Every structure is written in structure tokens, then in C-alpha cells.
Amino acid sequence: MKKLLSLFCCIIWTIGSLAQQKPNIIYILADDMGYGDLGCYGQTKIKTPNIDRLAQQGKRYTEFYAGSTVCAPSRAALMTGRHTGRVSVRGNGEFPLPAEEKIIPEILKEYGYTTAMMGKWGLGLPGTSGSPEKRGWDYFSGFVHHIEGHFQYPDSAWQIQQKELKKIDLPDQTNVNEWFADQALDFIRKQKDGPFFLYLSFTIPHAELVAPAQYMKLYLDENGESIFAPEQAHGTGNWYGPQPYPKAAYAAMVTQMDDYVGKLMDLLNELELDDNTVLIFTSDNGTHKEGGRTLADAMEFFKSSGPFKGVKRDLYEGGIRAPFIVRWPGKVQAGTQTAMPATAWDMLATFAALAGANADPQDGVSQIPVWTDRVSLKERASLYERKLYWEFYEEGYKQALRKGNWKAIRFYKDGRPQRTELYQLSEDPGEQQNLAAQNRRQVRKMEKYMDKLREPSGNPAFQIK
């Protein structure tokens, strides 16, 4: 008992000591990039040398989960520390975060951080309670409406200028993700004395499938044709523009983002900020099948979901399990990995701890002990067995729960539960064998957990249906 108490005190002291240093925090979020799209997660066709280097220098999670299986609720869970059974924004659409749901930049700003966001926001339009200038951001360059983030060469974007949110014109042929990256690099240069929090929320590799020529050429042969032939062209007259080579374009967009991550890493090194900067890379949900990309492209050709079943909009592992890499030299051991389950809604608790903030962790748990390999056996068991919950409203209501190695997905029709599938992830990570019929008692337990974890939403869009 004394040894456990001593270890616990050591962990508390270490976390407190780390928090007092107030490291810079950079959170890079890909849009619709799958678990298997990176070389360090098994990808063989797409070039990601910089993110692979990040993994070599940090810790790679193999069981990290996005906040949801689509954009807005995933980002809401990240920002608020609440899972989708409690957060206000539980689905896509223009639903603003209410003022009473305090978010990461608001907390960090109170504890001396300069905060900046570049990229897709999607949690409140101008004039609402979720508008970026009202939510703790000192700097913002990006999109507020999720549909603005669908296209790679827009004519305008939004910025906070003199504490007001303003729409600005972009020069012709501005690749918006390159602009996001440049804005992020400028912010780091100006705020190098820190502490700062940077949230870099790219809109790639989400459709539309368009990438600058220097990245496309990596996946074209000497005749200018896709090296991934045969390709099924995406024609004109669709929501997303035409693309003769969807597979090559998707690969190019992932490599494009990888290049920007490399430039950011190089700048941190140049400014000697590496050791006092927590750098994280992850994705908002599983890979997509949009803009000309087929399910076969995602699941069979690239194996973008890795060994898992499902894609974006599924609550199978392929829809919600995401890559997650954290680098913090001297604190996080380089070249390591962890199978500890963790989620996007853990980040509020984690970042608050880094800042020394006295903040409600909501549904999350600080990941600092996992990062620094200071988790006792008792704590490890508790972390592994905690309940992780999701719900989703498109294509009929459904819920998912993970507890330990058990994973349950409950499907509804017309507001009533139709069936619950049950999987043992340690033996069947690909969710191929539904064990519900043989384990009715476990199914009932998982369903009861779901019922307890879900709080009814006052939003008509988020009713069980």
C-alpha cells in the first residue's frame, strides 16, 4: 500500500511539475483521414515521411478514438471534453456550441496561453454563441461553415481582426490548406516566447479531391497518368468537381498534409522550441468515400481503415479509430507505442493539466501519465476498463460502447432498438464475428451502460429516431 501511495504521489508531483512549465501545445487534425493512411500505421502506397518521423520521435497510439464518426460532433467532443451522449453538438449541421460548454482555448487562455486556430471550425457561425472570436481564440484564420471546407481553392475565408470576425478575400488560386499552414507557421514565429496553443485543423484529405501539382506528380507516371491505374474518373455535374484520378488525388492530399507537418517540425527545431512543445497529430474520424473515391479504393486498394471494418459514418472501428501520435522530447519516450484506449474528449483534461489549470475534466482523463509511462498497474486497469461511448444520427440512430475488450453497437429503426452487435476486440479487432447471440448477458450489460451514459438532448435534430 505504501509503495502504491508513493508511486501515486510521484505521478501527481510529476504532472504538477510538468504543468508548471506550461509547454506549448500544437494539435494537428486531419479531415477524414483513416487509421491506415500513414506509413507508421502500415500504409504502403502513400508517402508520409514526416508524420512517420514524428512517430519515430514520439509515442504512437494504436487504440485512439475520434469523438465521433463525422466532423462537427467529433470536434465538439474534442473541444468540450464531452462524449456525444452529453455534448450539445451531436451531428453535422450548423449547430453552435452554447456558452455554458467551456472549451479548451477558453481554459488555456485563462492560464496565460495565446491561442490560435487555423482551418475548419464548424462549431458556430458568425453572430452565434459558437463564433470563434467568442470562444477564447486570439487568432483565427479559417472556415466557420463546414461546407466552406469542402473545396480546396475558395475565394474567401474568415479571420479574427481587432477581436472581430471578418470575411476576407483570398488571392486567386490560393490552396487553402497551404494558406492554413503558412498562417500557422507565422503564428509560431510571432509567439515563439510562448506559451501558446495552436489548433491546426486541415480540410484534407476530405473531398474535393484536388491537390497542387507538386504533390499530384508524385502519383503520376511519365505520361501524366495515375500510377494507381485503373482509375474510375469522377465526372462533372457533381457536388465536388471532376477528378480523373481519384486514387492519385487522395494520396497526393495526404502527402500534401504530411509536407506541411514536416515544415512545422522543421520550424520548431529552428526556433529551438522542440523540447517545450507538445506536438500531436490525429484525425477527426475514419476515411471517406466521397468526391469520386469508392469504398473499394478506401478498404481494398489503400486499406485506409487498416485492419478494421467500416469508414466515416460507421461506428465500427474503421469509422472512429484514428491515428494519434504525440511528441514531447525528454518527456515522451521516442519510438514507443501504447495500446491504452484513449479518446479525443481526453484532450481537455490533458491540456488543462499541462497548463496547471483547475478545470472540470468532463468525460475525459488526462493522458500525461500514459505519455510519460507513469501509470500504475491499478490505474492501467482502470483506464483500460473505462466506458467509451458514441451515438450517431445519420442513416438511423445508433450507439456504440467500448468497455475493456468488449465493443457493442446498437442499431435503431423508427426510434426503437432493432439489434445489438457484440465484439471482442482483443481477439477480433476487425469486428467480423458478432458474439451477441452467445453472450446475451454481456449484451444486456452493455445496453444498460449506454442508457446510463446518454443524456437526452434538447435539440430536435438529436432525438432517437
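The values are calculated or read from the model by the stated rules, or taken from the named source; none is laboratory data. Computed from a predicted structure; not experimentally measured. Please note: Cβ atoms are built from the backbone with ideal geometry, for glycine as well, and neighbour counts cover all protein chains shown.
If you take just the strands (runs of 3 or more DSSP E) that sit entirely in the range 152-204, which of them hold at least 1 residues that are of a type in the set (Gly, Ala, Ser)?
Details: elements: 156-161, 164-169, 196-201.
Result: 156-161, 196-201.
Name the one entry in Pro246, Pro242, Pro230 that is out of contact with any Cys (no Cβ under 8 Å at 6 or more places or on another chain) and modelled with pLDDT under 95.
Working: Pro246 fails: modelled with pLDDT under 95; Pro230 fails: modelled with pLDDT under 95.
Pro242 is the lone residue from the list that is out of contact with any Cys (no Cβ under 8 Å at 6 or more places or on another chain) and modelled with pLDDT under 95.
One residue is enough: does the range 86-96 have a residue meeting the conditions aliphatic (A, V, I, L, M), in a loop (DSSP other than H, G, I, E, B) and closer than 24 Å to Val144 by Cβ? Please lay out each step first, then the result.
Initial filter on the range 86-96 (aliphatic (A, V, I, L, M)): 87, 89.
Going one step further and asking which of them are in a loop (DSSP other than H, G, I, E, B), we end up with 87, 89.
When the remaining residues are screened for being closer than 24 Å to Val144 by Cβ, the result is 87, 89.
Yes - at least one qualifying residue is present in the range 86-96.
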message = It is to be established whether one or more residues within the range 181-196 are under 30 Å from Ala296 (Cα atoms) and among the β-branched types (Val, Ile, Thr).
response = no
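Residue-wise test of (1) outside any helix (DSSP H, G or I); (2) free of Cβ contacts under 8 Å to residues at least 40 places away in the same chain; (3) at negative phi.
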residue: Gly34; (1), (2), (3): yes, no, yes
residue: Gln43; (1), (2), (3): yes, no, yes
residue: Ile51; (1), (2), (3): no, no, yes
residue: Leu54; (1), (2), (3): no, no, yes
residue: Arg60; (1), (2), (3): yes, no, yes
residue: Arg82; (1), (2), (3): yes, no, yes
residue: Glu101; (1), (2), (3): yes, yes, yes
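Look at Ala181 and say whether it is at pLDDT below 95 and within 27 Å of Tyr139 (Cα to Cα). Before the answer, list the steps.
Values: at pLDDT below 95: no; within 27 Å of Tyr139 (Cα to Cα): yes.
Criteria not met by Ala181.
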inquiry  = If I filter the range 433-448 for residues that are surrounded by 12 or more Cβ atoms within 10 Å (Cβ to Cβ), touching a helix residue (DSSP H, G or I) at 6+ places or on another chain (Cβ under 9 Å) and farther than 28 Å from Ala76 by Cα, do I get at least one hit?
reply    = yes
query = What tally of residues in the range 146-168 results from selecting those that are out of contact with any helix residue (DSSP H, G or I) (no Cβ under 8 Å at 6 or more places or on another chain) and surrounded by fewer than 15 Cβ atoms within 10 Å (Cβ to Cβ)?
reply = 8
inquiry  = Could you check the range 309-334 and list, in sequence order, the residues that are among the small types (Gly, Ala, Ser) and in contact with a Gly (Cβ under 8 Å, 6 or more places away or on another chain)?
reply    = Gly310, Gly318, Gly319, Ala322, Ala334
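Output the strands (runs of 3 or more DSSP E) that fall wholly within the range 360-465 and possess 2 or more residues being farther than 29 Å from Asn92 by Cα and assigned by TED's automatic domain parsing to the domain that holds Pro341, or say none. Talk me through it step by step, then tell me what you get.
Numbers: elements: 387-392, 398-403, 406-413, 416-424.
Strands (runs of 3 or more DSSP E) meeting the threshold: none at all.
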ask   = Just wondering, is there one or more residues in the range 36-58 that are out of contact with any strand residue (DSSP E or B) (no Cβ under 6 Å at 6 or more places or on another chain), among the hydroxyl-bearing types (Ser, Thr, Tyr) and at pLDDT 95 or above?
value = yes
message = Name the single residue that is nearest to Lys22 (Cα to Cα) among those in the range 357-384 being out of contact with any helix residue (DSSP H, G or I) (no Cβ under 7 Å at 6 or more places or on another chain) and buried (at least 20 other Cβ atoms within 10 Å of the Cβ).
response = Trp371
query = Do you know which of the residues in the range 219-248 that are hydrophobic (A, V, I, L, M, F, W, C) and within 26 Å of Pro49 (Cβ to Cβ) is surrounded by the fewest Cβ atoms within 10 Å (Cβ to Cβ)?
reply = Ala229
task = Look at Lys303 and say whether it is among the basic types (Lys, Arg), more than 30 Å from Thr114 (Cβ to Cβ) and either without any contact (Cβ under 8 Å) to a residue 40 or more places away in the chain or not assigned by TED's automatic domain parsing to the domain that holds Tyr61 (or both).
result = no
ask   = Are there any pairs with C-beta distances below 6 angstrom linking a residue in the range 439-465 that is within 16 Å of Lys407 (Cα to Cα) to a residue that is in a loop (DSSP other than H, G, I, E, B), with the two at least 6 apart or on different chains, and if so which?
value = Val443/Ala436; Leu453/Gly85
note = Expected single match for under 16 Å from Lys289 (Cβ atoms) and polar (S, T, N, Q) among Gln243, Gln191 is Gln243
query = Conditions: (1) in contact with a Lys or Arg (Cβ under 8 Å, 6 or more places away or on another chain); (2) in a helix (DSSP H, G or I); (3) aliphatic (A, V, I, L, M). Met340 meets all but one. Number of the miss?
reply = (2)
task = Looking only at the range 205-248, count how many residues are assigned to a loop (DSSP other than H, G, I, E, B) and of a type in the set (A, V, I, L, M).
result = 7
request  = Among the residues of the range 58-76, write down those that are more than 10 Å from the chain's Cα centre (by Cα) and not β-branched (Val, Ile, Thr).
outcome  = Gly58, Lys59, Arg60, Tyr61, Glu63, Ala72, Pro73, Ala76
ask   = Just wondering, is there one or more residues in the range 249-271 that are surrounded by 17 or more Cβ atoms within 10 Å (Cβ to Cβ) and in a loop (DSSP other than H, G, I, E, B)?
value = no
inquiry  = If I filter the range 385-403 down to residues being out of contact with any strand residue (DSSP E or B) (no Cβ under 8 Å at 6 or more places or on another chain) and loosely packed, with under 15 Cβ neighbours inside 10 Å, which single residue comes out as modelled with the highest pLDDT?
reply    = Glu394
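In the list Leu268, Leu170, which residue meets the criterion of being in the same structural domain as Met33 (by TED's automatic domain parsing), closer than 22 Å to Cys40 by Cα and hydrophobic (A, V, I, L, M, F, W, C)? Please lay out each step first, then the result.
Working: Leu170 fails: closer than 22 Å to Cys40 by Cα.
Result: Leu268 is the single residue among Leu268, Leu170 that is in the same structural domain as Met33 (by TED's automatic domain parsing), closer than 22 Å to Cys40 by Cα and hydrophobic (A, V, I, L, M, F, W, C).
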task = Identify all residues within the range 115-134 that are assigned to a loop (DSSP other than H, G, I, E, B), on the phi < 0 side of the Ramachandran plot and in contact with a Gly (Cβ under 7 Å, 6 or more places away or on another chain); write none if there are none.
result = Trp121, Leu123, Gly130, Ser131
remark   = Note on Ser141: of the conditions (1) small (Gly, Ala, Ser); (2) at pLDDT below 95; (3) part of a strand (DSSP E or B), unmet is (2)
